[in-house]
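K.L.:
Sending over a structure as structure tokens; questions will come in a sec.
Each reported figure results from applying straightforward, stated rules to the coordinates on display, with no laboratory input. These numbers come from a predicted model, not from an experiment. Here the Cβ positions follow ideal geometry from the backbone for every residue, glycine too, while neighbour counts run over all protein chains shown.
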């Protein structure tokens with residue numbers, strides 16, 4: 001078996017990668033790790049508060065906790081399965097080293113085992129890690145010892161392997177049945193739709209009712225809710241059952257659940273190997289084949305150049321915009337992201353609608369604070385769409401760089417391409433929230449105009465930081481998002497949103513004083529200072545990253 | 001048409017290009033040769049404004065690349081060593097993009113894009129996304145793109161790599177025709193036969209230094225004396241135990257002999273012995 005050799009090769013690469021890290025990279029990685037640990041701690045605190053509250057609910061507190069655990073495990077299982085589907089698509093069919101491995105004197109099964117183990121690991125480690133704060137909080141609240149954690153790990157490993165294997169099996173079958181690079185596109189869309197569905201289902205299941213039993217008017221409703229299926233025959237239930245049995249000292253049940261999980265994982269992985277021995281190579285071979293489209297040659301006047309001419313815009317910016325639009329909408333990965341965003345907006349507006357607010361003043365206040373949340377959403381979307389825009393020029397960077405296009409022209413085009421959809425998202429979030437919350441005219445106007453300016457500033461920061469930290473030689477967009485530049489962009493954007501809210505809270509306070517009937521509530525000097533501070537803040541947000549990015553890009557000498 | 005004065009490029013402690021002075025006239029095809037890592041691609045990148053020189057000045061078509069960058073770029077057509085272009089555009093769309101970017105009138109684009117696609121035998125592929133193209137097809141598309149906007153200066157970095165014999169022959173003919181019409185061509189290549197047949201003058205760069213420039217006859221005359229590695233002329237070395245006809249023996253007269261003679265051949269000889 002050559003699997004050992006293949007795995008050792010991975011380990012050697014990892015060790016070499018760690019050894020070659022510079023001091024700066026060590027510091028950067030440690031900073032990322034610290035931020036990640038901070039996030040885990042935050043999750044732990046949240047779970048701890050929630051679980052501590054649930055234990056205080058009389059009679060059914062315990063039941064509620066395990067119900068919540070079962071729901072979390074079911075969600076985890078579906079997310080790891082979908083993730084396994086997506087990750088295996090890349091690792092099994094499109095990773096860079098496959099051309100080398102496939103022509104080497106290796107058994108196809110050895111390649112599959114190595115690649116499938118890689119898929120299982122990468123599709124589950126992060127989701128598995130997020131469960132740890134929950135389990136720690138559960139152990140803390142319930143007074144379980146460290147052996148509870150050990151029992152959880154024992155149950156978790158086959159659980160994750162099983163979930164990921166099922167996702168891999170799905171990809172394997174699909175690529176065999178439809179052996180084409182187009183299947184990759186279809187899988188992206190299916191996977192995203194599944195994730196959006198899981199996300200929407202969780203939201204529409206109204207999990208907040210678990211915390212607020214009083215929200216369900218009739219006891220019968222509540223009991224029904226508790227009886228709602230948590231998929232008792234699914235592996236997520238075996239894990240929950242095993243864990244709860246261990247906690248209550250029923251070791252026989254625990255071992256039975258354990259056995260079920262390990263047997264199922266082994267069985268599914270065994271079947272996966274059998275399946276792979278028959279269909280993997282056929283699917284791999286088909287996936288390498290292109291898909292013919294027969295597009296019509298665009299020899300008439302182009303929409304963008306006509307609009308650009310009408311607006312008196314730079315011709316180069318118009319044609320770059322045309323190219324960007326074509327390339328963007330032909331990349332199915334972007335479609336799936338757009339689906340997710342639409343789901344997100346829908347759930348966001350639904351959540352605002354469900355807010356239990358009876359007071360008109362409170363509604364207006366929430367409408368203003370919504371600017372912060374919507375700003376965060378815009379910044380997060382920017383991390384996916386705006387920040388990577390420059391880097392996504394990729395290895396074609398030479399085309400634009402050697403052509404008669406100025407870098408500011410390119411940056412303006414990227415800005416425009418991001419700003420238009422982002423403005424639409426901001427308008428959807430801002431206008432709908434104001435309407436649903438029936439905010440007063442002053443609050444509506446202030447929040448909406450702030451949100452729009454915020455959106456345009458965040459987009460400018462995205463392009464600026466994207467230019468400041470260009471990455472033209474990456475395999476996928478996630479490497480750009482999770483880079484140091486992405487971190488700096490996100491931190492700066494969030495700081496900007498925070499400062500904006502802080503500054504604008506002064507005029508809002510004065511407005512509320514006026515609403516509450518206070519005479520001469522407005523101090524125009526404070527209002528003027530706030531206006532000046534906003535101009536300064538936005539000036540800095542618009543110009544500083546932009547200018548720094550432009551300079552960096554002009555001096556860029558990397559290969560592309 | 002291309003004027004290079006005191007061009008230097010440093011990457012940290014590495015001096016990739018050392019005080020390069022060179023002039024290439026209109027209508028001339030200049031071959032730029034040298035071993036891997038000699039600094040040829042770095043020079044091309046500076047000529048077309050992809051990277052900035054550390055010192056020195058480059059003038060293309062009468063425009064200083066540093067101060068009148070866009071004017072200079074408008075006059076240049078670049079074919080890089082790695083013809084990577086937008087995978088999600090079709091071949092025809094890429095040409096349209098290039099046409100608009102370089103301000104080719106629409107009527108001319110309508111006429112020339114189908115012509116160029118046909119000329120490079122890409123007419124059936126013009127509507128397909130570039131991601132489905134082979135390396136050679138992408139190379140042909142990039143060459144079609146530079147021809148579309150009729151640049152005054154062509155910068156070619158290994159333009160024949162990946163081309164089938166018919167396309168390579170056609171590309172050579174195209175370059176010769178363009179040169180006859182006055183286009184300046186600056187070509188980096190490792191295919192010495194192409195340099196020999198196409199180039200009116202040849203420059204050999206070793207470790208960032210232009211160590212020899214001239215016509216093939218000039219270079220041949222100089223190589224009779226001694227090979228050159230890095231700093232200066234050195235006594236020639238015959239291949240120990242090598243075949244009598246080995247180019248390293250110095251007896252040949254083609255560009256390959258001249259090139260190997262000028263760039264030194266001891267390592268090559270050792271390698272041959274160990275094979």
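K.L.:
What residues from the stretch B:88-107 fall in the zone where the backbone N is under 16 Å from a label point 7 Å along the Cα-to-C-beta line of residue A:306?
P.N.:
Within reach of a label on residue A:306: B:106-107.
K.L.:
Further question: Quick check on the protein assembly as shown: of the DSSP beta bridges with both residues there, what percent are antiparallel, nearest 5%?
P.N.:
Working: 22 of 39 bridges.
Given both bridge residues lie in the protein assembly as shown, the antiparallel proportion sits at roughly 55 percent.
K.L.:
Evaluate E = 1/(1 + (r/R0)^6) for residue A:502 and residue B:25, where r is the Cβ-Cβ distance and R0 equals 56 Å; express this FRET efficiency to the nearest 0.05. The partial results should precede the final answer.
P.N.:
On the way: r = 65 Å, r/R0 = 1.16.
Using R0 = 56 Å, I get an efficiency of 0.30.
K.L.:
Using Cα centres only, tell me the gap between the stretch B:140-172 and the stretch A:487-560 in whole Å.
P.N.:
That distance is 51 Å.
K.L.:
Take each of the peptides A:398-404, B:158-164, average the number of other beta-carbon atoms within 10 Å over its residues, and list them starting from the highest.
P.N.:
A:398-404, B:158-164
K.L.:
Ranked from highest to lowest mean number of other Cβ atoms within 10 Å per residue, what is the order of the peptides A:123-130, A:529-536? All intermediate terms of the calculation are to be shown ahead of the outcome.
P.N.:
Working: A:123-130: 17.5, A:529-536: 13.9.
The densest-packed peptide leads the list: A:123-130, A:529-536.
K.L.:
Return the FRET efficiency for the residue pair residue A:9, residue A:274: r is the Cβ-Cβ distance, R0 is 22 Å, and the value is rounded to the nearest 0.05.
P.N.:
Numbers: r = 25 Å, r/R0 = 1.16.
Working from the Cβ atoms, E equals 0.30.
K.L.:
With n ≥ 4 as the cut-off for DSSP H runs, can you work out [θ] at 222 nm for chain A, using -39500 (n - 2.57) per run divided by the number of residues, rounded to the nearest 500?
P.N.:
-27500 deg cm²/dmol
K.L.:
For peptide A:547-556, what's the mean number of Cβ atoms from other chains within 10 Å of each residue's Cβ? Before the final figure, lay out the partial values.
P.N.:
Values: counts 0, 0, 0, 0, 0, 0, 0, 2, 2, 3.
Whole-number average of other-chain Cβ neighbours for A:547-556 is 1.
K.L.:
What is the stretch B:2-206 by shape, rounded, prolate or oblate, if you read a ≥ b ≥ c off the alpha carbon gyration tensor as root eigenvalues and call it rounded for a/c under 1.5, prolate for a/b larger than b/c, and oblate otherwise? Don't skip to the end; give the middle numbers.
P.N.:
Details: a/c = 1.70, a/b = 1.52, b/c = 1.12.
Verdict is prolate for the stretch B:2-206.
K.L.:
Sticking with this one: Other chains' Cβ within 10 Å of B:88-101 residues: what's the mean?
P.N.:
6
K.L.:
I'd like to compare B:67-78, B:2-13: which one has the highest average count of other Cβ atoms within 10 Å, and what's the full order after that?
P.N.:
On the way: B:67-78: 20.0, B:2-13: 15.5.
The packing order, highest mean first, is B:67-78, B:2-13.
K.L.:
Going by a ≥ b ≥ c, the root eigenvalues of the Cα gyration tensor, does chain A fall in the rounded group (a/c under 1.5), the prolate group (a/b larger than b/c) or the oblate group? Please list the in-between numbers first.
P.N.:
Details: a/c = 1.91, a/b = 1.11, b/c = 1.72.
Oblate, since a/c reaches 1.5 and b/c is not below a/b.
K.L.:
Hey, with R₀ at 30 Å, roughly what FRET efficiency would residue A:75 and residue A:435 work out to, going by the Cβ-Cβ distance, to 0.05?
P.N.:
0.40
K.L.:
Which distance in nm do the two modelled labels at residue A:531 and residue A:354 give, with both placed 7 Å along the Cα-to-Cβ direction?
P.N.:
4.2 nm
K.L.:
Dividing the Cα convex hull volume of the stretch B:7-106 by residue count, how many Å³ per residue is that?
P.N.:
Dividing the Cα hull volume of the stretch B:7-106 by its residues yields 142 Å³.
K.L.:
For the stretch A:259-412, what class follows from the C-alpha gyration tensor (a ≥ b ≥ c being the square roots of its eigenvalues): rounded when a/c is under 1.5, otherwise prolate if a/b is larger than b/c, else oblate?
P.N.:
On the way: a/c = 2.65, a/b = 1.08, b/c = 2.45.
Here the stretch A:259-412 falls in the oblate category.
K.L.:
Subtract the Cα-Cα distance of residue A:55 and residue A:334 from 0.36 nm times their separation in residues, and report this length gain in nm to one decimal. List each step's numbers first, then the result.
P.N.:
Details: separation 279, 0.36 × 279 = 100.44 nm, distance 4.34 nm.
Fully extending the segment from residue A:55 to residue A:334 adds 96.1 nm.
K.L.:
Please compute, for peptide A:300-311, the average count of beta-carbon atoms on other protein chains lying within 10 Å of each residue's beta-carbon. Spell out each step's value before the answer.
P.N.:
Working: counts 3, 1, 5, 0, 1, 2, 0, 0, 0, 0, 0, 0.
Averaged over the peptide's residues, the number is 1.
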